[in-house]
Structures are given as structure tokens and as C-alpha cells.
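The values are calculated or read from the model by the stated rules, or taken from the named source; none is laboratory data. All values derive from a computational prediction rather than experimental measurement. Using ideal geometry, Cβ is built from the backbone for each residue, glycine included, and neighbour counts are taken over all protein chains shown.
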Amino acid sequence: MIRKPTPLFFEQGPHAVILLHAYSGSSNDMRLLARKLESKQYTVLAPIFTGHATGDPVDILRDGSPQKWWQDTQAAIAFLRERGYQKIAIFGLSLGGLFATRALLEDPQLVGGGTFASPVIFRGQTHVPTTFIEMARATYRAQNILGPAQEQKVAWLKDHLTAQLTAIQAFADTTATRLRDIQQPVFIAQGTADQMIDPRSGQWLADAYPASQVDYHEYAGAGHVLTVNSAHHALETDLLAFLHPIFEK
């Protein structure tokens, strides 16, 4: 029996941090970072986007959408506020970064936030479609769904994937045109060996903000999933250094 990921909620101090996972990922993307923040007395919430972490990639396309994931993001903020947390920061990995950025835009009460390897400003290459199909095949293999049964599922995914990725792109573009309206401090992390999105994505995003507003970090040789790869220790250190002053204001 494969245990499905569940949302993470670690209650510690009065300062709360929301961590949003990547496309086709789960709260597991954020576990190392969440535990590190918890150890420094931050309360951490890492929700799971609708359709994700069910064991069937079909659910991401059938049940999920940028609108649903935006609702999930707003629900995470509301959950913390209902529990009495006044000071909240929000960050996201890849897809999660699109929603963290939109949250900063729409919710000026958030104290700050940012992105890890997130194509908020989309240019260049993306390997999301091929990676998604590879992930799906690996998932089905692990469940012993092989041969024609697997091909049938994968064919359905291929038929529906482009429409969802186009919707995600539209959501990102809408946010990107309004970055100047974001007033809070912004943290941006990018690996130089990112194979999923253009490794210049972080710099493009940093350049869209006033320099005084941005804390930009580039990790040499690091791939896409910065929260768990070779950069994760450095990312944790840099993020903690960013968080301290924004919460103490």
C-alpha cells in the first residue's frame, strides 16, 4: 500500500509561512523546508492542490485548474487567519510560485513571499509536458498498470494536458503584467541547471521588481526542485535570513 501525501501543518510560533508545491508534486516537495522552518519556531502550512497526490495523474487534469488552485491558495491563507495568525508569508515552488505571487498581489496584508524556480515570467523552453507524461508512466508502472491499460490512460492525459498548461500560462501572464503592484518584500530563488524551465526565469522575474524590493538567489549547478536538491541547505539558510526582518517589522 502506497501512502498518499497529506497536507503539512506544523504549529510553532506566531509567524506563519505557507509553502505551495509544484505541478504534479505534493506537500512532500516542501517537507524538508517545512521542518527546517518549524525548527526555527515558524508555523508552516503546506497544502495540496486540488487533483494532486491522489495516485492518478488524470485527477490533476480532470479536477484541477488554475481557478481551483487559486481557491486552494486563498483557503490556506484563510485557514491560518482563522487560527489567529496575523503575520503570514507565502512561497511556492514552480507552479506554486505563480499562486504565491498572485497572493502577494491580491492580499497586501501578507508580509512577504516569493518563488523557487517559478516561471512567473514565461519565456524560453519548458519541459513540463514531457516530464508530466514520464511521471504519469512511472506512477502507473508502480501500480502495475501496464500495456494497453497504461496506453489508454496516457492517451487521455496527452489529449487534455495542453489545455491545462495553456490555462496555467494565461494565469501566469495575468499576474506578470501586474508585478509592479506588489509592494511586499520578495524572495526569488533559481538554479542555474534548471532543466524544467529556462534557468534565466529567476533573473527575469527579479528584474521586474525594484531592486530594493527583491532578495534574489541563484544556486550554481542546482536543478529545478530547489527544496530537495543540492541547493536545499543554502535555500533554507537564505530564506531564514529573508524571513527574520520581514516578520520583525
**OP:** Provide a single number: the residues in the stretch 1-28 that are touching a Phe, Trp or Tyr at 6+ places or on another chain (Cβ under 9 Å) and not small (G, A, S).
**Re:** 11
**OP:** Sort out which residues of the stretch 173-222 are within 20 Å of Q109 (Cβ to Cβ), over 17 Å from the mean Cα position of the chain (by Cα) and in a helix (DSSP H, G or I), and write them in order of number.
**Re:** L179, R180, D181, Q213
Original post:
Do the conditions hold for H160, that is, is it over 28 Å from A34 (Cα atoms), modelled with pLDDT of 95 or more and either part of a helix (DSSP H, G or I) or among the hydrophobic types (A, V, I, L, M, F, W, C) (or both)?
Top reply: yes
**OP:** With the checklist (1) out of contact with any helix residue (DSSP H, G or I) (no Cβ under 8 Å at 6 or more places or on another chain); (2) of a type outside the set (A, V, I, L, M, F, W, C); (3) within 26 Å of Y219 (Cβ to Cβ) in hand, flag the one item N144 doesn't pass.
**Re:** (3)
Original post:
Which number in (1) out of contact with any Pro (no Cβ under 8 Å at 6 or more places or on another chain); (2) surrounded by 15 or more Cβ atoms within 10 Å (Cβ to Cβ); (3) among the β-branched types (V, I, T) marks the one condition that T6 misses?
Top reply: (2)
Original post:
Residues of the stretch 201-217 being among the charged types (D, E, K, R) and crowded, with 16+ Cβ neighbours inside 10 Å, which ones?
Top reply: D215
Original post:
Applying the selection to the stretch 230-249, what residues are surrounded by fewer than 17 Cβ atoms within 10 Å (Cβ to Cβ) and either of a type in the set (S, T, N, Q) or part of a loop (DSSP other than H, G, I, E, B) (or both)?
Top reply: S230, T237, K249
Subject >> Within the stretch 197-249, considering residues that are among the acidic types (D, E) and touching a residue at least 40 places away in the same chain (Cβ under 8 Å), the one farthest from K40 (Cα to Cα) >> reply: D198
